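See structure below.
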Amino acid sequence: MDFIIEAVLKAVKHLYQTDITADSVNLQETRKEFEGQVTIVTFPFIKFSCKSPEQTGAEIGEYLKESLPQIAAFNTVKGFLNISLTDTYWIDKLYQEILPEDFAVFKPNGKKVMVEYSSPNTNKPLHLGHVRNNLLGFSLAQILSAAGYEVIKANLVNDRGIHICKSMLAWQLYGNGETPISTGEKGDHLVGKYYVIFDKEYKKEIEFLKSEGQTEDEAKKNAPLIKSAQEMLQKWEAGDEEVINLWKTMNTWVYDGFGKTYNRLGVEFDKFYYESNTYLLGKDIVEEGLAKGVFFEKPDGSVWIDLTADGLDEKLVRRSDGTSVYITQDLGTAQLKYDDFDVNESIYVVGNEQDYHFKVLFLILQKLGKSWAKGLYHLSYGMVDLPSGKMKSREGTVVDADDLIDEMEKTAKEQTEALGKVNGSTEEEKLHLYHTIGMGALKYFLLKVDPKKRLLFDPNESVDFQGHTGPFIQYTHARIKSVLSRAEVDFTNQIDITALDAVERDLIVVLTQYPAIVSEAASSHNPALIANYIYELAKTYNKFYHEKSILQAEDGLLKIFRLQLSSASAKVISKGMALLGIEVPERM
RNA sequence: GGUCCCAUAGCUCAGCUGGAUAGAGCAACUGAUUUCUAAUCAGUAGGUCUCAGGUUCGAAUCCUGAUGGGAUCACCA
């Protein structure tokens, strides 16, 4: 559309002897209720045209129509100049841009980006909150890759710490040697069960101590269980063989379980980092910060950074006993990531409860003068809430990821069977289809919403399969494929056609927007833009499908043209959904 | 208390680099299937865009303040 903006600049110069910049030309899509496809807002021009908005629009419109053959007509409504481009312009778009293989294939931009997501704790199974994280991270990685980046998907596994010791200890005390094999339970669920048991027993101890007259805080500190867990952590850090072996064993169970869930979610990683390897990192950065005078030491030996000038607080980076805190590790890990992959950008997909942490982290790295600090980005997303409030693993009030996926597949099966359209498929094909549709519904449900907004999930109200949903889009794809499969003509060559109906034109207009949407989703780190665009596309296609016959088109050329248009739509739907990590079926 | 995020139809959400009569879906109601998949399409109804100011030719959008909701401000991670 740049050629229109250029022409407007010329028009303004010619008509009003005024030079304006390209970004002062407000070009937008014409609203559906008006004639045209592109609209220029002419209000800003009346200052120097010294005429009414309508007149100004008409003059510019006249000039544009004279100078640009692509313009068929124009009309003005108040300060809006609506331009209709010729049908041949749109037909050319279809043949020159959309149908060729390289449509929306971005050239490599030479930049490398790491997307860190998932980052689970190895003491409990994944829940709905993690699902949102995983889907966002994976989708963002797909989008960045499509936009020309080289992407490294990383997972920093939280495999050590007091919370891990809690489930280990509870298993030791109450587990009777249970294993995933002996119980048939998925490893992460088995370990998670003991995490919950720990909390239950711990609470009992606290109550008991309180009944003996201790305060809440005292009881929490003095409970035998928490003391044992702390002891265990110390043994772990000291490399105690028995503890390490137990830790390794239980982690293996968890990884096995996570692997299965990741698989079902359709997410993957190129690089795993383990906190057990990285938790001691960052000490040299503390030294570096002290040497540079960015950090300062307090009399008790603790090391701090003063961020009050930046509107933040003083932040501890090393304890008085010389040990690290959370942010120290993260400083070290950030450096490690950069050293490992030499990335230009590094994205952290982490919930918004850590907004402050990342603000501080990035600021510290900037103050340390790290050249790569400006490429750091925190993709902060909102919590997933239940009607009953926040999910808490410890209390078992979570929507478990595996259960949820089961539920989605079950619903997909019921819906599909009720419609009875795929009765001819094999059992294996059907199972795959139920998975595809169920996950399509879930993924779309979670990804269509702006990441930063909190999300309400009501387990009693199943995720919809109709309307603005994943299955709606999948259905549109299957429907197109069905038509294409019935076409007994070769529809690969450009055919000679010069006129379009409104629905056909609308569809081409929407299709041409796809590459710009991908760029925008990449630069704003927002998969929801893709999700909402694809919905718009599917809706536009369905309207076209209803109004126009494809296989029974009025003549042979038109039939081929509509098949091509359908094929292009299926392609873009499929590509766009892939960016969300959603498969589209051939039949459903 | 300081800081950050959110507030649009009964519900779930778009729209936010200022532009036309604020859009979808769900739920409710009406209609469309001898014709390519009705998980579809067309329509009816549903709005003081939380409130109050300000900037502007023009504000859901920008600014200030208030209200409501959430998060965060650990020698926890």
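A few notes on this one:
- Matching residues in segment A:346-373 - criterion: being away from RNA strand B (no atom under 13 Å from the Cβ) and in a helix (DSSP H, G or I): A:362, A:364, A:365, A:366, A:367, A:371, A:372, A:373
- With respect to being in contact (Cβ under 8 Å) with a residue 40 or more places away in the chain, surrounded by fewer than 20 Cβ atoms within 10 Å (Cβ to Cβ), within 13 Å of RNA strand B (Cβ to nearest atom) and not basic (Lys, Arg), residue A:524 falls outside the description.
- Within segment A:20-36, residues that are at positive phi reach partners that are in a strand (DSSP E or B) with beta carbons closer than 8 Å, at six or more positions or on different chains, in the pairs A:36/A:73; A:36/A:74; A:36/A:75; A:36/A:82; A:36/A:83; A:36/A:84.
- Looking at A:548, A:575, A:559, A:571, just one residue is over 21 Å from residue A:349 (Cα atoms) and within 8 Å of RNA strand B (Cβ to nearest atom), and that residue is A:548.
- Residue check for residue A:434: near RNA strand B (Cβ under 9 Å from one of its atoms), of a type in the set (Phe, Trp, Tyr) and at pLDDT 90 or above: yes
- Counting the residues of segment A:407-464 that are acidic (Asp, Glu), assigned to a loop (DSSP other than H, G, I, E, B) and more than 26 Å from residue A:353 (Cα to Cα) gives 2.
- Test: residue in segment A:538-555 that is polar (S, T, N, Q) and under 24 Å from residue A:38 (Cα atoms): yes
- Members of segment A:312-349 found to be under 26 Å from residue A:120 (Cβ atoms) and hydroxyl-bearing (Ser, Thr, Tyr), listed by number: A:323, A:324, A:326, A:328, A:333, A:338, A:346, A:348
- Residue A:20 being part of a helix (DSSP H, G or I) and within 15 Å of RNA strand B (Cβ to nearest atom): no
- Residue check, residue A:371 of a type outside the set (Val, Ile, Thr), outside the structural domain of residue A:258 (by TED's automatic domain parsing) and modelled with pLDDT of 90 or more: yes
- Some residue of segment A:90-101 being under 30 Å from the mean Cα position of the chain (by Cα) and without any contact (Cβ under 8 Å) to a residue 24 or more places away in the chain: yes
- Cβ pairs under 7 Å, 6+ apart, first in segment A:406-431 and closer than 21 Å to residue A:261 by Cα, second more than 11 Å from RNA strand B (Cβ to nearest atom): A:408/A:439; A:408/A:442; A:409/A:435
- Hits in segment A:300-311 (condition: in contact with a strand residue (DSSP E or B) (Cβ under 9 Å, 6 or more places away or on another chain) and either more than 7 Å from RNA strand B (Cβ to nearest atom) or within 22 Å of residue A:276 (Cα to Cα) (or both)): A:301, A:303, A:304, A:305, A:306, A:307, A:308
- Qualifying strands (runs of 3 or more DSSP E) (wholly inside segment A:63-139; at least 2 residues being surrounded by fewer than 20 Cβ atoms within 10 Å (Cβ to Cβ)): A:71-77
- Filter pass, residue A:108 being of a type outside the set (Lys, Arg), within 15 Å of RNA strand B (Cβ to nearest atom) and over 30 Å from residue A:254 (Cβ atoms): no
- Counting only helices (runs of 4 or more DSSP H) that sit completely within segment A:206-298, those holding 2 or more residues that are without any contact (Cβ under 8 Å) to a residue 12 or more places away in the chain correspond to A:216-222, A:224-238, A:241-265, A:283-292.
The values are calculated or read from the model by the stated rules, or taken from the named source; none is laboratory data. Quantities reported herein were computed from a predicted structural model and do not represent experimental measurements. Glycine also receives a Cβ, built like all others from the backbone with ideal geometry; neighbour counts cover every protein chain displayed.
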